[in-house]
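Chemist: Just passing along the structure, written as structure tokens.
The values are calculated or read from the model by the stated rules, or taken from the named source; none is laboratory data. Just so we're clear, the structure is a prediction, and the values are computed from it rather than from any experiment. Ideal geometry is used to build each Cβ from the backbone, glycine not excepted, and the neighbour counts take in all protein chains shown. The area values use the complete protein model at the heavy-atom level, side chains included, leaving out ligands, DNA and RNA. Shrake-Rupley method; radii C 1.70, N 1.55, O 1.52, S 1.80 Å.
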Amino acid sequence: MNMPATFFGWVAFLVEKYFLDFMRGLGVTLELAIIGTILGCLIGFVVGVVRSVVVDQGASPVSRGLMWVVKATLAVYVEIFRGTPMMVQATVVYYGTMSLWGFDIPSFYAGVLVLALNIGAYMSESVRGAISGIDPGQIEGGQAVGMSYAQIMYHVIMPQVFKNLIPQIGNTFISAIKDTSVLNVIAVTELYFAAKSVAGTYYKFFETYLIICVIYFVLTFTMSRLLQILGRVLEGSRNYELILDNEDEAEVTES
Amino acid sequence: MSEPILKVNHLEKSFGTHQVLKDIDFEVEKGEVISVIGTSGSGKSTLLRCINMLETPSGGEIVFEGTPVSYRPKDKNHFRSRVGMVFQSFNLFANMSALKNCTIGAEIVGKKNKQEAEALARKYLKVVGMSAYRNARPSQLSGGQKQRVAIARALCMQPDLLMFDEPTSALDPEMVGEVLAVIRSLAESGITMVIVTHEMMFAKEISSRVVFMDAGIILEQGTPDHVFNNPQKERTKEFLSRYRQG
């Protein structure tokens with residue numbers, strides 16, 4: 001078999017020969033990023049909301065104590081996952097579950113778990129920030145009509161928080177695409193892992209990694225454009241129509 | 001004599017070492033329109049905010065229709081649903097249309113079904129002259145319009161008592177008129193109201209009782225004629241003279 005002579009020759013050769021492997025890796029990467037982001041955002045929203053709960057001064061001591069314990073536990077979770085590298089978390093979860101409970105979780109699931117917990121920790125902080133960024137008057141408006149804390153959160157605060165966090169969710173997804181690459185340490189067969197195998201076959205490291213570099217970039221760039229469009233659609237129209245269905249209207253509005 | 005709707009006994013409120021309300025006793029009878037006047041910082045807004053427990057009082061009790069209100073969230077929320085509040089900064093729900101702002105309380109707190117809630121909302125939006133704007137978001141409305149929607153929102157709970165916390169202080173002079181006109185028409189319809197305001201002429205004209213607060217106490221109260229034309233205390237005279245000059 002004739003070996004390519006030039007740099008680009010090698011690139012073309014590797015792309016052609018390992019096209020399916022790259023695509024399979026890409027598929028796993030996307031799958032990890034999508035599932036990880038969705039689960040991570042769910043975790044983040046729940047944790048962020050719970051950590052933001054303002055315990056009513058009139059609540060019973062039992063529920064206040066319970067809330068304190070829950071909040072403390074979640075604080076520990078967030079600090080640990082923000083304070084350690086994801087690559088280390090991946091190995092600790094993957095090998096730890098095995099040696100502690102003799103539990104051999106498939107590396108893909110371990111990867112998803114680590115990614116989701118990681119995203120959840122960061123996202124919870126964004127959610128907390130977004131909640132505290134809402135004008136306290138919104139809460140008072142709800143209290144004034146007699147809504148409970150949970151009702152105010154659900155109907156008033158969270159819809160606004162969610163809207164403000166859409167760009168953040170997009171960023172998180174793009175980060176997640178890149179972050180999946182560290183999961184190769186626990187042998188998740190994502191894009192970087194696929195490249196590692198390919199590179200080793202012909203000892204063509206630069207060529208191979210350049211290929212996945214381009215793939216990662218095209219992927220994240222496309223995603224960020226799509227998210228921009230989505231953002232604009234969700235922004236909605238700023239127009240509204242007056243509904244003039246009763247005669248007395250005009251007179252009152254002018255007074 | 002009938003039981004007052006609201007009775008405030010020995011109400012105290014401190015922020016840290018700063019005592020804002022000092023042993024306030026205050027009653028509201030059904031059908032009264034009470035204006036609370038006084039300089040900024042005299043405790044007027046804090047009094048209203050303590051009454052519906054947006055601020056937790058440091059001492060004293062609030063008795064609503066003969067029953068003391070406990071600080072338990074459930075009691076507190078029920079009490080608040082019976083006492084409407086209109087804020088200086090409107091506090092409309094930013095994520096909802098004007099109509100939804102009005103129906104949401106009736107639906108999820110008042111347990112009314114969607115049709116009933118909407119009927120109420122349309123009725124009160126009409127009262128405040130805002131039904132043409134029912135699909136608009138708060139951010140699309142002017143200050144005066146927002147405040148009128150906020151009043152409709154409070155009315156949709158059909159409260160036994162409606163409180164206004166400086167409802168026109170954030171508005172420009174033209175918009176003040178439209179909001180005061182709405183409040184005036186409500187006063188005429190017999191709704192029990194407590195209004196914290198700096199609009200002296202307005203207070204004089206619509207109130208059945210005027211309360212003058214100074215440095216955390218109720219210094220003087222009585223009919224508008226008494227407080228405005230014949231104040232007994234030096235401090236009240238001094239305060240009112242500034243308004244006369246202006």
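Chemist: For segment A:112-147, list whatever residues lose no less than 50 Å² of accessible surface once every protein chain is in place, relative to that chain by itself, with the probe at 1.4 Å.
Modeler: A:Q138, A:E140, A:Q143, A:A144, A:V145, A:G146, A:M147
Chemist: Related question: To test your reading of the geometry: what angle, between 0 and 90 degrees and rounded to tens, separates the Cα axis of helix B:73-82 from the longest principal axis of chain B?
Modeler: The two axes meet at around 90 degrees.
Chemist: Okay, moving on. Just checking the output field for B:127-137: average partner chain Cβ neighbours within 10 Å of each residue's Cβ? Write down the numbers at each step before the final one.
Modeler: On the way: counts 1, 1, 8, 3, 9, 10, 6, 4, 4, 5, 3.
If you average over the peptide's residues, the count of other-chain Cβ atoms is 5.
Chemist: Report the one residue of A:L39, A:V62, A:A199 whose Cα lies farthest in the direction of the positive end of the charge dipole of chain A (charges on C-beta: Lys and Arg +1, Asp and Glu -1; origin at the Cα centre).
Modeler: A:A199
Chemist: Still on this structure, I have one more. Per-residue HN-Hα couplings for segment B:138-144, Karplus 6.51 cos²θ - 1.76 cosθ + 1.60 at θ = phi - 60°, whole Hz, x for Gly and Pro?
Modeler: Whole-Hz 3J(HN,Hα) from phi for segment B:138-144: x, 5, 9, 9, 6, x, x.
Chemist: Then there's this: Work out from phi, with θ = phi - 60° and the Karplus expression 6.51 cos²θ - 1.76 cosθ + 1.60, the ³J(HN,Hα) of each residue of segment B:146-161, listed in order in whole Hz, and give x for Gly and Pro.
Modeler: Result, rounded to whole Hz: 4, 5, 5, 5, 4, 5, 4, 4, 5, 5, 4, 7, 6, x, 7, 8.
Chemist: Indicate the gyration tensor shape class of the protein assembly as shown (rounded, prolate or oblate), computed on the Cα atoms with a ≥ b ≥ c the square roots of the eigenvalues: a/c under 1.5 is rounded; otherwise a/b larger than b/c is prolate and the rest oblate. Before the final figure, lay out each step's value.
Modeler: On the way: a/c = 3.34, a/b = 2.32, b/c = 1.44.
It is prolate, given that a/c is not under 1.5 and a/b is the larger ratio.
Chemist: Same structure again: Hey, in the GNM for chain B with a 10 angstrom Cα cutoff, which one of B:K114, B:K13, B:K204 fluctuates hardest?
Modeler: Sorting by GNM fluctuation, first place goes to B:K114.
Chemist: State in Å² the accessible area per residue of segment A:7-235; use a 1.4 Å probe, count heavy atoms of protein chains only, and round to the nearest integer. Could the numbers behind the result be given before it?
Modeler: Working: 11760 Å² over 229 residues.
With the other protein chains kept in place, segment A:7-235 gives 51 Å² per residue.
Chemist: With solvent modelled as a 1.4 Å probe, how much accessible area in total do chains A and B shield from it at their shared surface, in Å² to the nearest 100? Display every interim value, and only then the final one.
Modeler: Details: alone 15660 and 11480 Å², together 24120 Å².
For chain A against chain B, roughly 3000 Å² becomes buried.
Chemist: Roughly how crowded by other chains is peptide A:25-36, in terms of the mean Cβ count from those chains within 10 Å of each of its Cβ atoms? Please list the in-between numbers first.
Modeler: Details: counts 0, 0, 0, 0, 0, 0, 0, 0, 0, 0, 0, 0.
Mean shielding count: 0.
Chemist: Mind listing the phi-derived Karplus ³J(HN,Hα) values for segment B:190-198, rounded to whole Hz, using 6.51, -1.76 and 1.60 with θ = phi - 60°, and x for any glycine or proline?
Modeler: x, 6, 6, 9, 10, 10, 8, 8, 9
Chemist: Where both residues lie in the protein assembly as shown, what percent of DSSP beta bridges are antiparallel, nearest 5?
Modeler: On the way: 19 of 35 bridges.
Taking every DSSP beta bridge with both residues in the protein assembly as shown, the antiparallel ones total about 55 percent.
Chemist: Right, next: Please identify the chymotrypsin sites (Phe, Trp or Tyr not before Pro) of segment B:36-124 that satisfy two criteria: DSSP loop assignment and at most 10 other Cβ atoms within 10 Å. Which are they?
Modeler: Working: sites: B:F64, B:Y71, B:F79, B:F87, B:F90, B:F93, B:Y124; in loops: B:Y71, B:F87, B:F90, B:F93.
Those that pass, being in a loop and sparsely packed, number zero.
Chemist: Under a 10 Å cutoff between Cα atoms, tell me which one of B:F15, B:F164, B:F202 has the largest fluctuation in the Gaussian network model of chain B.
Modeler: Highest fluctuation among the options: B:F15.
Chemist: Suppose each label sits 7 Å from its Cα in the direction of the beta carbon; what would the A:N239-A:T6 distance come out to in nanometres?
Modeler: Each label point is offset 7 Å from its Cα along the Cβ direction, giving 5.5 nm.
Chemist: List the residues, sorted by chain then number, that are 5 or more residues from B:E220 or on another chain and whose placed amide H is less than 5 Å from its amide H.
Modeler: B:F212
Chemist: While we're here: Once you charge only the Cβ atoms, +1 for Lys and Arg and -1 for Asp and Glu, what is the size of the charge dipole of segment A:7-235 about its Cα centre, to the nearest 20 debye?
Modeler: Working: 13 positive and 13 negative charges, 22 e Å.
Charge dipole, segment A:7-235, about its Cα centre: 100 debye, nearest 20.
Chemist: DSSP loop trypsin sites (Lys or Arg not before Pro) in segment A:165-245 with at most 12 other Cβ atoms within 10 Å of their Cβ, which ones?
Modeler: A:R238
Chemist: Averaged across B:86-96, how many Cβ atoms of other chains sit within 10 Å of each residue's Cβ atom? Could you put the intermediate results ahead of the total?
Modeler: Values: counts 1, 4, 1, 5, 2, 10, 3, 12, 9, 11, 4.
Mean partner shielding for this stretch: 6.
Chemist: May I pose another question? Carbon and sulfur together cover what percent of the accessible area of chain A at a 1.4 Å probe radius? Don't skip to the answer; put the middle values down first.
Modeler: Working: 9490 of 14130 Å².
Carbon with sulfur: 67 percent of the solvent-accessible area.
Chemist: Next question, about the same structure. For segment B:154-246, what does the accessible surface come to per residue with a 1.4 Å probe? Please give it in Å². Provide the component values of the computation, followed by the final result.
Modeler: Values: 4030 Å² over 93 residues.
Computed with neighbouring chains in place, this is 43 Å² per residue.
Chemist: Let me ask something else. Skipping prolines and chain starts, which residues have an amide H placed within reach, meaning under 5 Å, of the one on B:I195, given they are 5 or more residues away or on another chain?
Modeler: B:I34, B:S35, B:V36, B:F164
Chemist: Is any helix in chain A, taking whole DSSP H runs, at least 20 angstrom long along its axis by alpha carbon and on average at least 1.0 on the Kyte-Doolittle scale, and which ones?
Modeler: Qualifying helices, which must be both long enough and hydrophobic enough, are A:19-52, A:205-235.
Chemist: Which percent of the accessible heavy-atom area of chain B goes to carbon and sulfur, probe 1.4 angstrom?
Modeler: Values: 4860 of 10000 Å².
For chain B, the apolar C and S fraction of the accessible surface comes to 49 percent.
Chemist: While we're on this one: Sort segment A:7-235 into rounded, prolate or oblate with this rule: let a ≥ b ≥ c be the square roots of the eigenvalues of the Cα gyration tensor; rounded if a/c is under 1.5, and if a/c is not under 1.5, prolate when a/b is larger than b/c, oblate otherwise.
Modeler: Numbers: a/c = 3.91, a/b = 1.83, b/c = 2.14.
Cα axes put segment A:7-235 in the oblate bin.
Chemist: Check which residues have an amide H placed less than 5 Å from B:K30's amide H, if you skip close sequence neighbours.
Modeler: B:I5
Chemist: DSSP loop chymotrypsin sites (Phe, Trp or Tyr not before Pro) in segment A:105-143 with at most 11 other Cβ atoms within 10 Å of their Cβ, which ones?
Modeler: For chymotrypsin sites (Phe, Trp or Tyr not before Pro) across segment A:105-143 that sit outside H, G, I, E and B with at most 11 neighbouring Cβ atoms in 10 Å, the list is empty.
Chemist: Give the separation of the Cα centroids, segment A:85-161 to segment A:1-69, in Å.
Modeler: 13 Å
Chemist: When ranked by the protection proxy of mean other Cβ atoms within 10 Å per residue, highest first, what sequence do the peptides B:96-106, A:94-104 form?
Modeler: Values: B:96-106: 25.1, A:94-104: 11.6.
Packing order, densest peptide first, comes out as B:96-106, A:94-104.
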